[in-house]
Structure formats: structure tokens, C-alpha cells
Amino acid sequence: MSTTTQQTAGSTGGLPDPGAGKSPAVSRNGRGFAQRYALLGIGVVLLLICLAAIPEFRSMRLITTMINGQSIILLLALVATIVLRTGDFDLSISQTMVGSAAVVAVLSSHGVSPALAIALALLLGLAVGALNALLVVVIGVDSFVTTLGSFTAMAGFCYLVTGSRIVAGVPDFFVNFSRSTVAGIPTVTIYAWVLVLVLWFVYQRTPLGRYTLFIGGNRNAARLAGLRVSAIRFGAYLVSGVLAAFVGVVFAGYFGAVDPSVGGQYMLQPFAAVYLGATALAVGRFNAVGTLVALYLLTIGITGLQLLGAQTWVTNIFYGLALMIAVTAAKLAGRKTRAGLT
Amino acid sequence: MTKAYGGAKAIDDLDLHVKAGEVHALLGQNGCGKSTLVKALTGVHSPDSGSATVFGKELTYPVTAPHTHGIAVIHQDIGVVDQMTVLENLGVNAGYGTKLFGNVNTRREKKVYAELMERLGIVLPFDTMVSDLAPAERSLLAVVRAMRLLEAHNGSGSGEGQLFILDEPTAALSGGEAERLLALMRRMADLGAGVVFISHRLAEVMAVCDSMTVMRAGKAVASAPIAETSREDIVAAMLGRRMEDFFPDPPAEPSKSGVASARARLVVDGITGDVVKDLTFTVHAGEIIGVTGLAGMGQEELPGLIAGVSTPLKGYASIDGKRLQARSPREAIDAGLALVPGNRLRDGCWIAGSAAENLTLPVVPQFAKPWGIDSGAEFTHAQTKMAEVGTYPNDPALPMAAFSGGNQQKVVFAKWLQTNPGVLLLDEPTQGVDPGAAHDLLEDVMETLDGGSAVVVFSGDHEQLAAICHRVLVLHHGRLVAEITRASGDLTEATLLHACETPAAA
């Protein structure tokens with residue numbers, strides 16, 4: 001029985017190219033550029049379309065409202081990048097924010113000074129971060145499940161401190177803290193932009209930013225290279241918790257009242273922006289500027305649709321789809337890169 | 001057959017003929033197109049032109065289910081689940097011989113596999129967790145699993161009509177373990193199957209294969225029966241040039257007594273881990289020693305114990321007289337130690353990061369300025385270091401994934417050589433690296449010896465150890481059972497293998 005495996009030559013075009021590494025490198029760079037700025041380009045095009053097609057869009061008022069209204073979510077999204085970069089999840093940030101806002105509102109209504117109220121709120125954030133870090137980093141529990149647990153526990157805590165009621169009448173100190181304007185820009189937006197700049201610097205320009213990337217990318221290699229992997233992961237959870245609590249202080253002042261049931265609404269949106277942002281600028285890496293671009297892109301799209309008559313449900317659909325598109329795009333891009341390698 | 005990617009041909013007009021009943025070696029340097037060929041045969045990619053005929057039938061592209069054509073591939077990373085039993089792993093791709101919601105007939109399953117293994121002359125315990133198997137047994141399991149699937153499709157009870165492709169199956173195995181797999185390959189071919197064996201270990205190829213094809217830059221540059229070729233010919237075909245020797249010679253051994261004696265750089269005193277027991281040795285400046293043993297005898301654990309990856313139960317290592325607490329790798333690195341890990345993808349690098357980022361990771365603070373990392377200086381530094389080890393292409397901006405295995409390993413070497421380590425631990429330093437690149441890397445190691453470093457090589461590759469080391473320690477169940485020195489004139493591949501296996505027989 002003839003059992004011959006053979007491959008017969010087909011026609012070959014062109015000359016063999018032994019410098020196999022060269023030409024793909026060029027096309028990879030070209031593709032890299034397109035990939036890096038695709039999201040920004042889509043955002044600009046979307047903005048121009050909205051400006052051209054929707055008359056109501058052409059008002060400075062709408063644009064500023066749009067930006068300021070997203071600042072809380074932008075702050076949360078930036079906080080989310082901190083732990084995500086080290087390869088872990090911190091899903092609890094949105095409830096930590098509401099919990100901290102509730103603490104501020106309730107303590108203030110009992111006449112506690114703003115300084116003490118803020119200190120206690122930040123301490124709450126630190127405690128949540130430390131608990132997360134203890135379970136995830138020290139004991140080694142899966143971070144997704146752990147922080148889903150602390151998310152839920154904090155949701156309960158919010159109802160406990162507020163007595164399941166909306167706490168209104170947040171003192172003027174907090175309202176001014178979030179809503180007073182500098183050069184026409186509300187402080188809440190300034191906080192968000194400053195955090196973008198700070199995180200951009202840390203992520204892109206410092207060894208610490210590089211270390212977080214390696215810890216998220218290959219933890220074994222990072223440890224073997226002598227990085228303090230556990231300390232950095234632990235620190236990321238602490239910073240994440242404290243910053244989430246700070247966003248809670250801003251939140252209390254921005255809305256002037258705290259609804260204990262609102263945490264769930266803030267859970268997914270930051271992560272959608274972060275994942276979409278990771279497909280831009282520093283492709284495949286959670287980054288601050290990409291997150292900003294992604295969030296504003298989502299906001300422009302949603303506002304445009306709402307002006308065209310869509311109801312509030314459009315927000316959830318838009319964010320949900322954006323998250324799925326972002327992770328799909330990242331997956332496909334990764335597959336394409338790998339396929340070019342032997 | 002031709003396959004091109006973005007202008008660069010990975011496979012170029014390739015001819016390959018494998019006969020039934022033979023073990024055919026497919027050889028070539030990293031990145032020469034071997035993997036692409038395997039992918040084309042199994043349907044991961046489709047060729048741009050040309051065809052493949054398997055057992056008289058031409059493959060139609062895209063290939064959707066290679067096993068229906070009689071093709072089975074066993075990868076280096078063999079895809080078995082650690083936390084399941086042998087039997088559960090065996091049945092998974094054959095659907096446990098039943099329907100999705102059907103009842104799994106364990107007794108019948110066992111009978112099928114027992115019969116299959118008897119024919120292959122191997123024994124695997126069905127109810128053992130795969131995590132408890134020796135490395136070679138995992139490969140054997142993968143072969144048995146593939147064979148069942150093929151037989152289920154062509155119904156024949158012999159190896160006829162089956163083509164196995166084994167992609168570097170022995171790369172992670174030590175000499176004795178690899179023997180078992182090689183014996184199985186021989187047996188499969190004797191039963192009538194066609195076996196394609198992809199390997200960088202030429203000694204294995206010479207021992208077990210009937211014929212070979214060498215690929216270079218996507219072309220088949222040589223094809224001959226093994227009996228009519230020689231090792232030198234094969235390497236010449238792979239490299240496109242003749243290579244005088246496969247391994248560089250170590251420099252003269254430093255003197256360890258008298259006035260001009262070299263200082264002791266690494267002292268290991270009574271170190272004990274899960275496997276390693278009460279091990280004591282000293283390595284001097286300018287000295288290169290090897291540590292070997294059969295798989296699981298402790299030479300895998302030892303580098304981690306010395307470098308602080310895991311804390312020893314007893315004993316300690318000290319570097320230049322400084323005793324290590326071994327709580328973290330950081331402490332050892334600060335003391336002047338560098339470990340090139342055995343598993344590059346798991347421990348050595350971040351594959352999505354650029355070569356520059358990976359290379360400068362241990363030294364990146366030195367590029368930090370008040371305004372942030374000086375990326376220009378970092379890039380230039382990376383380019384210089386990559387040029388020193390001969391990385392191709394020398395583009396630090398490329399992600400690690402864009403380099404072939406040998407070039408990735410060069411970047412990992414450069415990462416540690418730049419720290420001028422006083423003690424350099426190399427765990428399987430040339431695993432999965434082609435002979436040309438391996439020679440380059442080992443020459444770099446020899447240069448560090450001239451600079452006064454102490455080097456320890458942990459490897460199951462006895463031939464390499466015999467060629468490059470001043471002396472080799474042999475471990476058995478974690479204990480030092482033999483020490484063979486170059487000065488004695490007895491340091492050869494054969495004596496090392498003998499020293500590894502004799503305690504096992506006793």
C-alpha cells in the first residue's frame with residue numbers, strides 16, 4: 001500500500017526573501033499607527049457628524065454639560081486602570097465611591113466637620129483596598145470574585161449607613177469642592193483631567209509604570225527580574241481604594257445628595273471606557289489618555305442618539321456593546337499579530 | 001507548496017516526502033518555517049499555492065479536521081490537563097467513546113486504551129492525576145490519545161494510514177526521559193505509521209530517524225536517509241555554512257589553591273528543598289559547572305532555591321560571602337546573581353512587551369529622569385546590548401513575539417548579561433534554540449567567565465554539559481551522587497548519562 005505523504009510544489013511568484021523579518025516590520029509599524037489613532041479618529045469623525053447633522057449639538061453649553069456630566073465616570077475609569085494594569089480586577093470601586101459619599105453625607109448631617117468626614121471617608125477606601133489586597137495578593141484568591149464580593153458587601157454598607165434613604169443636604173463645602181469653577185471649568189472636571197495627566201506620567205514615563213505593565217503581562221518574569229511584585233500589587237489596591245473614596249467625596253458634592261442604590265449603575269461604564277481605551281494610543285495596554293478618548297467618544301455617541309430621540313436605555317446598550325466591541329477588537333488584533341509569526 | 005506573510009515567505013516551494021513506517025526528521029533553525037508547515041498541514045493556515053497529499057488523498061484547504069485525514073500533531077506543549085486523571089485526559093478528544101450526554105463506559109474505555117498501550121509497549125496508570133506523571137509520560141499520553149482518535153476514524157488496528165507530527169517533543173525532557181519517547185516513536189513507525197520528528201537535538205535525530213529533511217528560509221535544502229548523512233552535514237545545511245564545533249570550549253580552569261587562587265563566588269551549603277537534599281558545593285570566579293540528573297531529580301528545583309524564587313527548607317546559598325535569606329529573587333539580584341530561567345515564555349519575558357522594555361526591565365531606573373524615562377537613551381542602550389548578543393532583527397521596538405525563539409533567548413540573555421552578574425545561573429539555556437544561536441549564546445557565557453563570573457548550567461543535555469563545563473554535578477533524588485571533572489578526562493556525554501542512570505538501577 002502506497003502511503004506517501006507529499007507536498008508538491010506549486011507556482012511560486014517572486015524571489016525568496018531570506019530577510020523574513022524586514023517587510024512585516026514595516027507593515028506592522030504602518031498598522032500600528034492606524035491602530036493607535038483609530039479610536040481618536042473615530043471620535044473626531046463622530047463629533048463632526050453630530051455637529052453637522054444635529055443642530056442642537058452646535059452649542060457650547062451642550063458640549064460643556066456633556067464633558068462635566070462624564071467627569072465622575074472618567075474619574076472612576078482612571079481609578080479602574082490602576083489595578084487592571086497589574087493584571088488584577090477591582091470591581092468594588094463604584095460601591096466604594098458611593099459608600100464614601102454616603103459616609104460624607106451622613107456624618108455632615110450630624111454636624112461632623114468636613115475635614116474629619118473626608119478623612120473617615122478616605123479611611124473607608126483604604127480599608128476596602130486593604131481587605132481586597134489581603135485576599136487577592138496575600139492569600140491569593142481570584143481578584144474578580146473577591147472584589148465582586150467586596151462590591152456587594154459595600155452595597156449593603158451603603159444602605160446601612162444611609163438607613164436605605166436618599167441623604168440630601170450635603171453642606172456647601174462639598175458642593176463648592178466639586179462645582180466651583182476655575183476659568184469656567186468645574187473643579188470636578190479639573191480633578192479628572194489632572195488625574196489623567198498624573199496617571200499618564202506614571203504609566204508612560206516612570207519605572208513604576210513599566211513595572212505595573214510587566215506585573216500584569218507576566219508576573220513570573222517580573223518577580224524573577226527582581227521587582228517587588230506583591231508590594232506593588234498591594235499598593236495598587238490601596239491607591240485604588242483611597243482614590244475611589246476620593247471620587248466619592250467629589251460625588252457627594254457634585255450631586256448634593258447620596259442615593260445608596262446608585263452604585264450598580266456606575267459599575268460597568270468605567271470598565272467599558274478603560275477596555276475601549278486600551279485599544280488606542282498605547283495599544284493593548286490600559287492607559288490614561290486612551291481611557292479619556294474612549295469615554296468622550298462614548299459620550300458623543302450617546303448624546304447624539306439621545307438628541308435624535310433615543311430614550312435613556314440607549315446608554316446601557318451603548319456601553320455594553322462598546323465593552324464587547326473593545327474586547328473583541330483586542331482579541332482579533334492579537335490573533336492577527338500572532339498569525340504573522342512562525 | 002508556498003506560504004507567504006506580508007511579503008515574507010515562510011514556506012517557499014517546499015517538497016517533503018514522508019514514507020509510511022519511517023521516522024522522518026524535519027530540521028532547521030528557529031524561524032525557518034517548520035512551524036508554519038505544521039500549521040498548514042493541520043488547518044491553522046492555508047498555503048498560498050501547492051498541495052499536500054496524505055496517503056494518496058490530496059488535502060483540501062482549509063483543513064478542518066486533520067484527524068480525518070490521518071494526521072495527528074503532538075506539540076511541545078502537549079495540551080493535557082494537570083488536574084484530571086490519565087483516563088479522563090485520554091478520552092477527551094474521542095468524546096469518551098460516547099455521545100455528548102451519553103454515559104461514559106469507564107470499563108470499555110480502559111479496555112480500549114489498555115489494548116492500544118500494549119501494542120505500543122507502554123504502561124500508564126489510568127487513575128493517576130496527570131500532574132503526578134513524569135514529563136515523558138505526559139508525551140506518551142498525548143501520543144496514545146492521538147492514536148485512538150485516528151483509529152476511530154480509519155478503523156484500522158495498525159499504524160497504517162496514520163501520520164504523526166511531533167513538534168519538539170523532547171525539548172523539555174532530560175536524556176533518560178527522552179529515550180522513552182524516542183522508543184515509542186520507533187515503535188509507532190514499526191507499526192506502519194509515518195512519523196515526522198521535529199527537533200533541535202541532533203543526537204536524537206541520528207539515533208532514531210530513518211531519513212531527514214533540512215529546511216532553511218522556507219525551502220528544503222537537504223533531504224537524505226540518515227545513514228547517508230552525518231551530523232556535520234546536517235548542521236552545515238541548517239546554517240548554510242560549515243560549523244567547526246557545536247559548543248565553545250571553556251577557558252582554562254581557574255586555580256583553586258595557592259596564592260593566585262580564584263575566590264569563591266557562590267557557596268551553596270546544605271541547601272534542602274522539596275526534592276533537593278542537603279546539597280553543598282562551591283563555584284569560583286571564572287569557573288563554569290554543570291548540574292544534571294534525570295527529570296525530577298532536583299536540577300529543576302535547584303536554580304529557584306539559590307535565586308530566592310522559593311525558600312529552602314534548610315541550608316543557604318551565599319554570594320561573594322554574603323549569605324542570602326532567600327525570601328525573594330530581588331535579594332539575590334542585588335547580591336550580583338542573575339538567573340536565566342528555563343521556561344522563557346513563562347518566566348523569562350513578557351511576550352507582548354517590546355524587546356527594549358523586556359531587556360531594560362532590571363535596569364530601567366537608571367534611565368529615569370525628573371521628566372520621566374529617557375526613551376531615547378533606553379532605545380540606544382537596548383540596541384547596543386542586542387547587537388552584542390547578535391539579535392536579529394536588531395529592532396528594540398518590536399514586540400518579543402515578533403522574534404524567533406532563539407532570538408528571544410538572546411534578548412533574555414542580554415537582559416541579564418548587562419547587569420554584569422558575579423554569579424550566572426543558566427537553566428536549560430539553549431532549549432528550543434537552534435545550534436547556530438546556541439553556539440553564539442554559549443560564547444557570550446564564556447566571555448563572562450573571563451570577566452570573573454561564576455556560572456552554573458542546569459541542564460538535561462549531557463552532550464552540551466560535557467563540552468562546556470569544568471565539572472558537572474549529578475543529582476539523584478535531590479542528592480549529589482557524582483561529580484565528574486574535566487581534569488579527570490572522564491567528562492563525556494556517556495559518563496554523564498551513566499552517572500545519571502546507574503543510581504536509578506541500584
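Regarding residue A:51, is this residue touching a residue at least 24 places away in the same chain (Cβ under 8 Å) and not basic (Lys, Arg)?
Criteria not met by residue A:51.
Please go through (1) at the interface with chain A (Cβ under 9 Å from one of its Cβ atoms); (2) touching a helix residue (DSSP H, G or I) at 6+ places or on another chain (Cβ under 8 Å); (3) within 22 Å of residue B:345 (Cα to Cα) for residue B:368 and return the number of the only condition it doesn't satisfy.
Only one criterion in (1) at the interface with chain A (Cβ under 9 Å from one of its Cβ atoms); (2) touching a helix residue (DSSP H, G or I) at 6+ places or on another chain (Cβ under 8 Å); (3) within 22 Å of residue B:345 (Cα to Cα) is unmet by residue B:368, namely (3).
Within the range A:241-255, identify whether any single residue is in contact with a Pro (Cβ under 8 Å, 6 or more places away or on another chain) and either over 21 Å from residue A:106 (Cα atoms) or among the small types (Gly, Ala, Ser) (or both), and answer yes or no. I'd like the intermediate steps shown before the answer.
Narrowing the range A:241-255 to residues in contact with a Pro (Cβ under 8 Å, 6 or more places away or on another chain): none.
Looking for residues that are in contact with a Pro (Cβ under 8 Å, 6 or more places away or on another chain) and either over 21 Å from residue A:106 (Cα atoms) or among the small types (Gly, Ala, Ser) (or both), one finds none in the range A:241-255, hence no.
State whether one or more residues within the range A:211-224 are part of a loop (DSSP other than H, G, I, E, B), within 14 Å of chain B (Cβ to nearest Cβ) and either closer than 30 Å to residue A:98 by Cβ or modelled with pLDDT of 90 or more (or both). Before you say what the answer is, go through the steps one by one.
Within the range A:211-224, the first condition is being part of a loop (DSSP other than H, G, I, E, B), and the residues that meet it are A:218.
Within this subset, residues satisfying the condition of being within 14 Å of chain B (Cβ to nearest Cβ) are A:218.
Adding the requirement that they be either closer than 30 Å to residue A:98 by Cβ or modelled with pLDDT of 90 or more (or both) leaves A:218.
Checked the range A:211-224: at least one residue is part of a loop (DSSP other than H, G, I, E, B), within 14 Å of chain B (Cβ to nearest Cβ) and either closer than 30 Å to residue A:98 by Cβ or modelled with pLDDT of 90 or more (or both).
Within the bounds of the range A:67-80, is there any residue that is out of contact with any strand residue (DSSP E or B) (no Cβ under 9 Å at 6 or more places or on another chain), surrounded by fewer than 22 Cβ atoms within 10 Å (Cβ to Cβ), modelled with pLDDT under 95 and not in a helix (DSSP H, G or I)?
no
On the basis of being closer than 30 Å to residue B:497 by Cβ, in contact (Cβ under 8 Å) with a residue 60 or more places away in the chain and either of a type outside the set (Ser, Thr, Tyr) or assigned to a loop (DSSP other than H, G, I, E, B) (or both), does residue B:277 make the cut? Give the derivation first.
Details: closer than 30 Å to residue B:497 by Cβ: yes; in contact (Cβ under 8 Å) with a residue 60 or more places away in the chain: yes; either of a type outside the set (Ser, Thr, Tyr) or assigned to a loop (DSSP other than H, G, I, E, B) (or both): yes.
Criteria met by residue B:277.
Name the residue, out of B:253, B:287, that is surrounded by 20 or more Cβ atoms within 10 Å (Cβ to Cβ) and either among the polar types (S, T, N, Q) or touching a residue at least 60 places away in the same chain (Cβ under 8 Å) (or both).
Working: B:253 fails: surrounded by 20 or more Cβ atoms within 10 Å (Cβ to Cβ).
Every option except B:287 fails the conditions.
So that you can scan it fast, the table gives a plain yes or no per residue for (1) crowded, with 17+ Cβ neighbours inside 10 Å; (2) touching an Asp or Glu at 6+ places or on another chain (Cβ under 7 Å); (3) of a type outside the set (Asp, Glu):
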residue	(1), (2), (3)
B:353	yes, no, yes
B:360	yes, yes, yes
B:372	no, no, yes
B:379	yes, no, yes
B:389	yes, yes, yes
B:396	yes, no, yes
B:411	yes, no, yes
B:419	no, no, yes
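Report the residue count in the range B:356-365 for those that are facing chain A (nearest Cβ under 10 Å) and in contact with a Lys or Arg (Cβ under 7 Å, 6 or more places away or on another chain).
As a first pass, look at the range B:356-365 and keep what is facing chain A (nearest Cβ under 10 Å): B:357-358, B:360-365.
Still in the list and also in contact with a Lys or Arg (Cβ under 7 Å, 6 or more places away or on another chain): B:357-358, B:361-362, B:364.
Going through the range B:356-365 one residue at a time, the tally reaches 5.
Filter the range B:124-144 down to the residues that are of a type in the set (A, V, I, L, M) and over 16 Å from residue B:91 (Cα atoms) and list them by number.
Listed by number, the residues that qualify are B:133, B:134, B:136.
Enumerate the helices (runs of 4 or more DSSP H) found wholly within the range A:86-181, keeping only those where 2 or more residues are closer than 30 Å to residue A:228 by Cα. Explain how you work it out, then say what you get.
On the way: elements: A:93-109, A:114-133, A:143-162, A:172-179.
Fully inside the range A:86-181 and qualifying: A:93-109, A:114-133, A:143-162.
For the range B:305-355, which residues satisfy the criterion of being among the aromatic types (Phe, Trp, Tyr) and away from chain A (no Cβ under 11 Å)? Reasoning before the result, please.
Let us first name the residues in the range B:305-355 that are among the aromatic types (Phe, Trp, Tyr), namely B:316, B:350.
The one that is among the aromatic types (Phe, Trp, Tyr) and away from chain A (no Cβ under 11 Å): B:316.
Provide a single number: the residues in the range B:288-333 that are under 15 Å from residue B:458 (Cβ atoms) and not in a helix (DSSP H, G or I).
Selection size over the range B:288-333: 17.
Among B:332, B:338, B:307, which is closer than 23 Å to residue A:231 by Cα and in contact with a Phe, Trp or Tyr (Cβ under 7 Å, 6 or more places away or on another chain)? I'd like the intermediate steps shown before the answer.
Working: B:332 fails: in contact with a Phe, Trp or Tyr (Cβ under 7 Å, 6 or more places away or on another chain); B:307 fails: in contact with a Phe, Trp or Tyr (Cβ under 7 Å, 6 or more places away or on another chain).
Selected residue: B:338, the only one of B:332, B:338, B:307 that is closer than 23 Å to residue A:231 by Cα and in contact with a Phe, Trp or Tyr (Cβ under 7 Å, 6 or more places away or on another chain).
A quick yes/no check of all residues on (1) more than 24 Å from residue B:319 (Cβ to Cβ); (2) under 22 Å from the mean Cα position of the chain (by Cα):
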| position | (1), (2) |
| --- | --- |
| B:203 | yes, yes |
| B:209 | yes, yes |
| B:212 | yes, yes |
| B:222 | yes, no |
| B:232 | yes, yes |
| B:239 | yes, yes |
| B:268 | no, no |
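Can you name every residue in the range B:290-325 that is surrounded by 19 or more Cβ atoms within 10 Å (Cβ to Cβ), among the β-branched types (Val, Ile, Thr) and out of contact with any Leu (no Cβ under 7 Å at 6 or more places or on another chain)?
Within the range B:290-325, no residue meets the criteria.
Conditions: (1) of a type in the set (A, V, I, L, M, F, W, C); (2) crowded, with 21+ Cβ neighbours inside 10 Å; (3) over 21 Å from the mean Cα position of the chain (by Cα). Residue A:107 meets all but one. Number of the miss?
(2)
So which residues in the range B:379-399 are in contact with a Leu (Cβ under 9 Å, 6 or more places away or on another chain), in a helix (DSSP H, G or I) and not aliphatic (A, V, I, L, M), if there are any at all?
Selection gives B:381, B:385, B:388.
Determine which single condition residue A:241 fails, assuming it passes every other condition in (1) more than 14 Å from chain B (Cβ to nearest Cβ); (2) over 18 Å from the mean Cα position of the chain (by Cα); (3) crowded, with 20+ Cβ neighbours inside 10 Å.
Only one criterion is unmet by residue A:241, namely (2).
Out of the strands (runs of 3 or more DSSP E) lying entirely within the range B:18-90, which hold 1 or more residues that are surrounded by 22 or more Cβ atoms within 10 Å (Cβ to Cβ) and modelled with pLDDT under 75? It would help to see each step written out before you state the result.
On the way: elements: B:23-28, B:51-54, B:71-74.
Output list reads B:51-54.
Please find, within the range B:451-506, the residue that is modelled with the lowest pLDDT out of those that are part of a helix (DSSP H, G or I) and among the polar types (S, T, N, Q). Steps first, please.
Step one: list which residues in the range B:451-506 are part of a helix (DSSP H, G or I), which gives B:462-468, B:493-505.
Right, trim to among the polar types (S, T, N, Q) and you get B:464, B:495, B:502.
On the way: B:464: 87, B:495: 85, B:502: 71.
Result: B:502.
Could you please let me know if residue A:231 is more than 9 Å from chain B (Cβ to nearest Cβ), in a helix (DSSP H, G or I) and under 16 Å from the mean Cα position of the chain (by Cα)? Working first, answer last.
Values: more than 9 Å from chain B (Cβ to nearest Cβ): yes; in a helix (DSSP H, G or I): yes; under 16 Å from the mean Cα position of the chain (by Cα): no.
For residue A:231, the condition - more than 9 Å from chain B (Cβ to nearest Cβ), in a helix (DSSP H, G or I) and under 16 Å from the mean Cα position of the chain (by Cα) - is not met.
Listed here are the residues, each with its yes/no results for (1) more than 14 Å from chain B (Cβ to nearest Cβ); (2) touching a strand residue (DSSP E or B) at 6+ places or on another chain (Cβ under 6 Å); (3) more than 15 Å from residue A:75 (Cα to Cα); (4) aliphatic (A, V, I, L, M).
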residue	(1), (2), (3), (4)
A:174	yes, no, yes, no
A:257	yes, no, yes, yes
A:260	yes, no, yes, no
A:263	yes, no, no, no
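Suppose the filter is over 24 Å from residue B:109 (Cβ atoms) and modelled with pLDDT under 80; does residue B:172 pass it?
Values: over 24 Å from residue B:109 (Cβ atoms): yes; modelled with pLDDT under 80: yes.
Yes: the conditions hold for residue B:172.
Quick one: how many residues across the range B:371-393 are at the interface with chain A (Cβ under 10 Å from one of its Cβ atoms) and more than 21 Å from residue A:227 (Cα to Cα)?
3
Kindly indicate whether any position in the range A:21-31 is surrounded by 14 or more Cβ atoms within 10 Å (Cβ to Cβ), modelled with pLDDT under 90 and more than 14 Å from every other protein chain (Cβ to nearest Cβ).
The answer is no; no qualifying residue exists.
Regarding the range A:197-208, can at least one residue be identified that is within 14 Å of another protein chain (Cβ to nearest Cβ), surrounded by 21 or more Cβ atoms within 10 Å (Cβ to Cβ) and in contact with a Lys or Arg (Cβ under 8 Å, 6 or more places away or on another chain)?
yes
The values are calculated or read from the model by the stated rules, or taken from the named source; none is laboratory data. Just so it is clear, the model here is predicted, and its values are computed rather than measured. Cβ: placed from backbone, ideal geometry, glycine included. Neighbour counts: every protein chain shown.
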